[in-house]
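The values are calculated or read from the model by the stated rules, or taken from the named source; none is laboratory data. From a predicted model like this one, the values you see are computed outputs, not experimental measurements. FYI the Cβ positions are ideal-geometry reconstructions off the backbone, even for glycines, and counts take in every protein chain you see. Side chains included, ligands, DNA and RNA excluded: accessible areas come from the protein's heavy atoms. Shrake-Rupley method; radii C 1.70, N 1.55, O 1.52, S 1.80 Å.
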Amino acid sequence: MDQALTRPRFALYLLATVIIATTTTLAYWPALSGGFIFDDAYVVDKNPALAIEEVSLENLKTAAFSFRSGLQNRPLPMLTFALDHYRGNGGAASFKKSNLILHAINGILVFTLSILLLQSQLSRSGEMTGKIFFGALILALTWALHPYLVSTVMYVVQRMEILAATFILLGVIGYVRGRILLVAGSEAGWGWIIAGWTMVLPAIFSKETGLLLPVLTGVTEAFLFRFRCQSARDKRLLVSIYIALAGIGILLYLFYAIPRYSHPEAFAARNFNMSERVLTQPRILWMYLCHILWPHPANYLFFYDNYAVSTGLLRPASTASSLGGLGFLILAAFTMVKKVPLFTAGILLFLASHFLTSNIAPLELAFEHRNYLGTFFVLLAIAGLVIPVLNRISAGANLVAGASIPIGLLAITLPTAATWGDPLNLAMHLKNSNPDSERAIYQLGTVYLDFAGGNINSPFFRFAENEFQLARTAANASPLPEHALLILYSTHDLSIGDDLWDGVVEKMNRGPASLQHKHAALSLLQAYDSGIRLDENRIMEVGLALLQHPKVDDFHYFNFALHALENLGDQDLALSILLRSPRVADLDADWINRLQINLRQRGHDLVANQLARASHSAQEARIR
């Protein structure tokens, strides 16, 4: 195998990587003129920590840890965002170009992994045949050019998913390479395996998806290599490692994940509970599979905020059928494990890639970017079925059949990328594809507002107003449409009806305290502080409605306490808000001290002293 890639065929391998990189760049290039969308706004575009004016260790450290979510704040992608901002002066194009470069690199990694997997399963001699090489190239091109991935690559914030996938692919490549060597009797294989497993660290620092690396290598081991080794000692060691990993995983799931996420407050920010989420996922997994196998951009909605939740096996009826169909697919995969192991591995790897996002964690129900690696695993399963058939036909027919797939996908991906390259065209497409989605309607409104350029006489101003009004009436709509209208009307000194304020307060009271609810409340506060003439008392009403819900962080409590102090002059209200904030209620001494320092710096010594006394009394009461 060493000679297969490093000697006579190395030049051909390099040529193939050039083809992958070039065609991928060509396919996605029209999308580079697009703008930021959805979470890009607060994670990237309006994140002051990324707007570095010089590349220094302190600036890069601040930027790297400016995303307050995830296990480790996802520092690696945040660091690259800061460098992109510095390089491109904050323009969306610089971020999108970096995403495209990473995607092209991942295409080459998928090609390399495909060679190793096909070679290990389809070549008796261990040699890399021309058909294996060509099959791996077609597999990589099919993945890299698949239109389903356009939304992931051009959704700037999903640098997190893409970069995590880079390290996962490197890890699986190292593992597979090492296993091939162990099968051949070379102890050098352990070096590759260990190097592969170390990729879990940078993968996790990119996104929690990195935790899946040992799961994916475990599936690969169980269904492709089946613990085959020349040395009985190596086999025992591998079996012991995976038994230990499986045991740790099961214990963590039973005694950490289930107790944590079964708590009622875990889903406080969602309009579904844990059991409903789990029931809904089989339908979503089949939707993903259909989107991969039938690449029709009209079905790619991007926004799935209005996806129907399964509240029972027959509500809707497709819940039971999807669950049964998933069981049948898994059974079919196990049935074919000896005859077509690539099919079995591909299906189970696809399901494993969704282990985190289609499980009990209180995440949103569906996102297309969750299929970034999963798409490759589905294609691998299909390759396992198709390649043995293609081996029976002529080389010319193989060439035509194989080349027609990426060429056909390119014809679909190019116009899809062009749509993503035009913010107005994209927003209109997303709304037309999913007219009941509040997020799609709201996105179109924000694009119209950008086109209006602050001109109240522009037709786009009225278009934006109409879309925001429409978004208010969408099912389970958040307060974002009302918040947008309040800021829009106040900015241009237009009359504001009580119905807008009442609508925000009512939605805040109803909850849940989702990210959109938090953003709307904080954005109104920031707009007021920037000089936009909003009703300070109604802002406080909005804040108090939000703060009554669980899962609202201390940052929001502090900001609304400052509003009570500095804009309403109400010290009692400010103190009561501070005392209710989670970390103060938990008597976090470090946080309480930081609050006192901040309050004193702002000239609020009396409230700082009252906070200190109240916290001290609560601490003494707890000790007693």
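Each peptide among 94-101, 334-341 gets the average number of other Cβ atoms lying within 10 Å of its residues, and from highest to lowest they stand as 94-101, 334-341.
Look at the alpha carbon pairs under 8 Å that are at least 6 residues apart: their mean separation over the length of the stretch 89-191 gives a relative contact order of 35 percent. Using C-alpha pairs under 8 Å with a sequence gap of at least 6, the mean separation divided by the residue count of the stretch 435-552 gives a relative contact order of 21 percent. Solvent exposure of the stretch 555-623, expressed per residue, is 52 Å² of accessible area, with all protein chains present and a 1.4 angstrom probe.
Legend: calculated FRET efficiency, GLU187 to VAL337, from the Cβ-Cβ distance at R0 = 35 Å, rounded to 0.05, equals 0.80.
Largest first, the residues GLU506, GLU438, GLU364 sort by 1.4 Å accessible area into GLU506, GLU364, GLU438.
Solvent-accessible area of THR446, all protein chains in place: 40 Å² (probe radius 1.4 Å, heavy atoms, ligands and nucleic acids excluded).
All C-alpha pair distances within the stretch 22-93, sorted into 5 Å bins from zero, spread as 3, 17, 23, 22, 16, 11, 7, 1 percent across the bins.
Relative to the longest principal axis of the Cα atoms of the chain, the long axis of helix 459-472 lies at roughly 90 degrees. Helix 341-353 and the long axis of the chain differ in direction by around 10°, with both axes built from C-alpha atoms. Only DSSP H runs of four or more residues enter the estimate; each adds -39500 (n - 2.57), and after division by the residues of the chain the mean residue ellipticity at 222 nm equals -21500 deg cm²/dmol.
Using only alpha carbons, the stretch 306-364 has a radius of gyration to Kirkwood radius ratio (Rg to Rh) of 1.06. Label sites at ALA195 and ALA51, each approximated as a point 7 angstrom past Cα along Cα to Cβ, lie 4.3 nm apart.
If you take the Cα centroid of the stretch 105-122 and the Cα centroid of the stretch 39-59, the two points sit 36 Å apart. Net charge in the neighbourhood of GLU161 (other residues with Cβ under 11 Å of its Cβ; Lys, Arg +1, Asp, Glu -1) is +2. Ranked by the mean number of other Cβ atoms within 10 Å of their residues, highest first, the peptides 577-590, 556-569, 368-381, 229-242 come out as 368-381, 556-569, 577-590, 229-242. Stretched out straight at 0.36 nm per residue, the stretch from GLU566 to TYR304 would grow longer than its current Cα-Cα span by 90.3 nm. Just to confirm the number: angle between the C-alpha axis of helix 554-566 and the first principal axis of the chain, 0 to 90 degrees, nearest 10? It is inclined by approximately 20 degrees. Subtracting the Cα-Cα distance of GLU265 and PHE38 from their residue separation scaled by 0.36 nm leaves 79.2 nm. The aspartates and glutamates within cross-link reach of LYS339, meaning a Cα-to-Cα straight distance under 19 Å and a gap of 8 or more places when in the same chain, are GLU221. Relative contact order of the chain: 12 percent, from C-alpha pairs under 8 Å at least 6 residues apart in sequence. Report the local net charge at HIS517: Lys and Arg +1, Asp and Glu -1, summed over other residues whose C-beta lies under 10 Å from its C-beta. Taking every Cβ under 10 Å from that of HIS517, the sum is +3. Note on the chain: Rg/Rh from Cα positions, Kirkwood definition for Rh, rounded to two decimals, is 1.00.
Only lysines eight or more places from LYS431 in sequence, or on another chain, were considered; those with a Cα closer than 27 Å are LYS46, LYS96, LYS97, LYS507, LYS518.
Here, the stretch 435-552 is characterised by an Rg to Rh ratio of 0.95, where Rg is the alpha-carbon radius of gyration and Rh the Kirkwood radius.
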